[in-house]
Every structure is written in C-alpha cells, then in structure tokens.
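The structure appears below as structure tokens.
Every number here is computed from the coordinates shown, using simple stated rules; none is lab data. For clarity, every value in this text was computed on a predicted model and none was experimentally measured. All Cβ positions, glycine included, derive from the backbone under ideal geometry; neighbour counts span all protein chains shown.
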Amino acid sequence: MHIHLTGVGGVAMGNLAAMLKQSGHTVTGSDGPLYPPMSDKLRDWGIPVRAFDERNIRRTSGAGAHVDLVVIGNAISRGNAEVEYVLNERVPYMSMAAALSEFYLKDKEVIVVAGTHGKTTTTFLIDHLIAAGGTPPGLFAGGVRGDGMDGWRVSPKSPYFVIEGDEYDTAFFDKSAKFLHYRPRYLVVTSIEFDHADIYDNERLYRRSFERLLRLVPSAGLVVAFAADKGVRETLAGYDYSDVQWYASPDYVKKSMRSGSGRAGLRLAGGLFSFQRDGRRVDFDCPGQVDRFALLGDYNTANALAASLVAKRVGVAETAIVGALTDFPGVLRRQQIRLDRVATKQSGSPLTFIEDFAHHPTAVAATIAAVREAYAGRTLHVLFEPRSATSHRNIFQRRYATAFRKAHCVYLADIFNKKKVPPADRLDVRAIVAELRKKRTATTTRAGKKKAGSRAAKSQSAVEFGKDPDALFAKFRKNFRSTPGGGDVVLVLSNGAFGGIYTKLDEYLSAL
C-alpha cells in the first residue's frame, strides 16, 4: 500500500511511518517545518516529507498518485488542505491509533502501559525484560531509550506487543483517548491524576477514559495496578473483569499495615507486591534481589516492579528479569545524566547535570526527591519550564508552590505560550516564586551563618523568576557557585526544548 501520513513530524507519527516503511509499504509524509531529531530520523529512514498540500495525496497525478490510505495525526485540524481533500474526495483515512491497531496489534497479545506518570519508562522496561527472556516484542513508546534505541519495533515472530497507552485524544474526528484503540490483554496502570486540562474538563471525565480502558481487558487478561495511587485505587474499586495484581511502594505498605485502611476496597486475590531499597540494592517481591538497580527513586523502582510482574506473567524467568533490571539503559530525558564530573576546577567538588521530562507537580516533586536521595549532601539547583498544556493553567497553582520544597535553589521560567490560556486561567509563576521565597528562611543549612545577601548564601538558596529561558539562564549563571565539599546537582525539568537551555548549560557547566 501507499500510505501517506499527514502530520508526520511528531515522535509518534514519525515512528509509525518508520514501522510502515519497514513492513514493506510505500510511505510519504507531510508537515510544517521540521527540526532535529525527527527531521534527521525521517531522512535516515528514507521517508520523503513535503509541506501540507492536497497534491501530496491527489490520486490523479504527481506525488500523491495511487495513495491508498491517509493517516491523520491528532495535531491536525479541519482547514488543513490535505484533510479537506480527503473528506471531499472520500480518500480512505484513519487515525494514528487506529492504524497501529489495524497494522500491528490485531494478532498480538497487547501489553498497554497507561497512567498519568511513568508510562514511557515502564513501557521500555517491559520491552527490555521480555527481550531478555527471548524474542523482543513489538514496541511503540513515546521516547528514545538511553542507549539511543528508538521507541518502536516491528517483531513478526513475537506474540507480544508493548505499547505506551496515551490518554490524549485520538484525532479531530475521534475525541476518545488513543489507548481505547489498543485492545489490551495485559494492562499496567501506574497512576491516575488529573492532567490534559486542554482535553478533559474535569477529573471525572479524565478518570472515565481509564474506566473505559479497564473494561476492554479480557477475563483471561491481567491488570497490574499501583496501590499507592489514590486515583488508581478509586478507579479500580469494585473492578472484577480480570485478575488484578497490586504493587506499591514500601511507604504505602507500612502505612496500610499501620492504619488498616490502605487495603480497603482492594481485591487482593492476585497479591500485593512491594520492595525494599537500600541505595542501588533492591529486594523486590518479584523478581527478587537486584544488587545494582539501574534507576533512581522509589517511583522508578515501582515502575520496575510493575514491569517485572508483567514479564513473569508472560513467562520470563526471574533470573533473566534480575539481569535485565541491572543493565537497563534508562530513557533519554528521564533522569538523563548529561554531565557528571568528579571535581570542578572552581571548587574541586563534584558536579552533575541531569535532564528530566517531569512537568506535572507530582512528577516534579517525585523527581526532586529521587535526586536528593541519590545525591545526598549536595546542593540541588532546579530549573523548570511550565510548557505542557496543563502546566500553563492555574489548576495546580498551590501544588507547584509545594513541589519544589526539597530543592535548595529554584529557577522558574514563565509559561511557554501565554496565547494558549486566557489570563484568568494562567499559572502565575511570579506568585509561586513569591510563595517559595516567603517560606524560605534568610539563610539555609548549607549557607550556615553567612549573611542572607552574600554571594555564597544566594548561590545555595536562590529562588528566581525568568520571563523566558534566556533570562532564567542569565540569573542562574549570575548566582551559581560550586559548593565546596559536598558538590552540586543541576536538575532541569521540561517536556520541551526549554529555549535551548540544555546546550547552554552543557557549555557553561563543562567549563567550570
């Protein structure tokens, strides 16, 4: 078939284009201006991309000759030249999610990873564990693995397909969540907490999408659910369509044992699994002891536990799972270490620069906590850009004010695109900065008895606002001084490009 993808420049649509090309189809695409890395990848994959134009799909002549199907991305709206041609000329079309289902999921045992947080990492973990047990499964994930492996794989010989289940809407002609197209036999639910405020009017509607997804799991299937998340517990209350295996962090297990209320309403026939962590060593209820686990933080450890439960269910030996949890390369932009120096020239102290995708306040707080634990004794400098549709809005105004409390220094950029949200609904970043400053004492433990206005004190307890990424970087550069003895960690959080701040920080920090 000749398949044309309208809006091919996004990560998911680009990955689908590559899969279709590998499967033997003639593939073309269209989009607006493209930038690396996707522009480079599409070129390397041999997929020609043109500007939006009905001639790309016109069947009579030219580039669009003999187009059999058009796949329309969810960023594409009515008024697009190709959309109007497709509708007027009755050209067969479908969404990206429907195309994945049609071409790759129909004959597979599908493993869907859904939830507000942790989807991409958990998807790659499950893929890695199953591959360690034999034939790599089919894969579709919204990221790139830490070793550079792309988030897709066509695997005709494997009965399994692992896919990241996105709750965002499918297309302009299908406003249901993408994951409703994926027919899960095995479903991981990592968390359910209101997000995508541009799509869902309220939390009730957001949860309803997950309720609909749960109803698709067959009675012979399995749901692996995170018991420590209130939204997950409430959404699965009374669920009895398939087996459920609950997993939880050790803090939740202790709390539930102490109060007797944590397990209320949970159907625990499939068990409650947890872990104990001591540095890099983790004792999992499944698969057992891992002496040097690859990832930081309890929430990533919980993700690994969920992945292990799925892998064991599909027949992977526990010994293979243990080995795979040790050598998992991580995911780019998820706790990605960009710089790790034993000692800077400036102070002789260690310096680490970490990039992470966290943008929801829950994810921000969890990432900060994980980094603080992993780099105890260091000064933590956090830079954050509110870029996602939800983080533009003031629904989490109070939550953001508390999400940064474990960071020593906080640098917050203004929202990325003010045109996205009416003034009355916008996140007030200046107010968050004011609140954080109010809660800070004049000196910090690390600044000792130095005067609050001194350069040393400010470098270790700053709270700053930047009207844009350039202004924020300038303030960081002005304030930053390496901490003698303990050292520093610079953690940058955004789900986008952050105005190119990563490259600037690479250059600046490398020179210290």
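Quick notes on this one:
- Here's how it looks for Phe273: its modeled amide H is under 5 Å from those of Trp246, Tyr247, Ala248, which are all 5 or more places away or on a different chain.
- Charge dipole (the chain, unit charges on Cβ, about Cα centre) - positive-most of Phe404, Gln289, Val83: Phe404
- Charge dipole (debye, nearest 20) of the chain; +1 at Cβ of Lys and Arg, -1 at Cβ of Asp and Glu: 2160
- Least to most buried among Arg145, Arg208, Arg341 (fewest other Cβ within 10 Å first): Arg208, Arg341, Arg145
- Look at where the Cα atoms of the range 467-498 and of the range 397-442 average out, and the two centres are 16 Å apart.
- Relative contact order for the chain, counting Cα pairs under 8 Å that sit 6 or more residues apart, in percent: 10
- Across the cross-link table entries Lys119/Lys175; Lys108/Lys175; Lys175/Lys420; Lys119/Lys157; Lys175/Lys254, which are compared at the Cα atoms, the separations over 30 Å belong to Lys175/Lys254.
- When Met38, Met1, Met19, Met96 are sorted by how many other C-beta atoms sit within 10 angstrom of their C-beta, beginning with the fewest, the order is Met1, Met38, Met19, Met96.
- From phi via Karplus (6.51, -1.76, 1.60), per-residue ³J(HN,Hα) for the range 291-298 in Hz, x at Gly/Pro: 6, 9, 5, 6, 10, 9, x, 5
- Among the listed pairs Lys419/Lys467; Lys478/Lys504; Lys178/Lys230, a Cα-Cα separation exceeding 20 Å is found for Lys178/Lys230.
- Compactness of the range 336-510 - radius of gyration and Dmax, Cα, Å: 15.3, 48
- Entry for mean projected area of the Cα convex hull in nm² (calculated from the structure that is shown) out of (i) 24.7; (ii) 29.7; (iii) 27.6: (i)
- Rounded to the nearest 20, the size of the Cβ-charge dipole of the range 336-510 about its Cα centre is 820 debye, with Lys and Arg at +1 and Asp and Glu at -1.
- Note on the range 1-91: with charges restricted to the Cβ of Lys and Arg (+1) and Asp and Glu (-1), its dipole about the Cα centre is near 100 debye.
- Ordering Tyr241, Tyr186, Tyr411 from the fewest to the most neighbouring beta carbons within 10 Å gives Tyr241, Tyr186, Tyr411.
- Cβ-based charge dipole, the range 336-510, positive-most Cα from Gln336, Phe465, Gly496: Phe465
- Backbone phi angles across the range 313-322, fed through the Karplus curve with coefficients 6.51, -1.76 and 1.60 (θ = phi - 60°), yield HN-Hα couplings of 4, 8, x, 7, 5, 4, 5, 5, 5, 4 Hz in residue order; Gly and Pro are listed as x.
- In Hz, Karplus ³J(HN,Hα) per residue of the range 466-478 (6.51, -1.76, 1.60; θ = phi - 60°; x = Gly, Pro): x, 5, 7, x, 5, 5, 5, 4, 4, 5, 4, 5, 5
- Under 14 Å from the Cα of Lys312 - aspartates and glutamates, other chains or at least 8 residues apart: Asp127, Asp285
- When the charge dipole of the chain is built from unit charges on Cβ atoms (+1 for Lys and Arg, -1 for Asp and Glu) and taken about the Cα centre, the candidate among Leu305, Leu427, Val253 whose Cα reaches farthest toward its positive end is Leu427.
- Taking the DSSP bridge list for the chain and keeping only pairs wholly inside it, about 25 percent are antiparallel.
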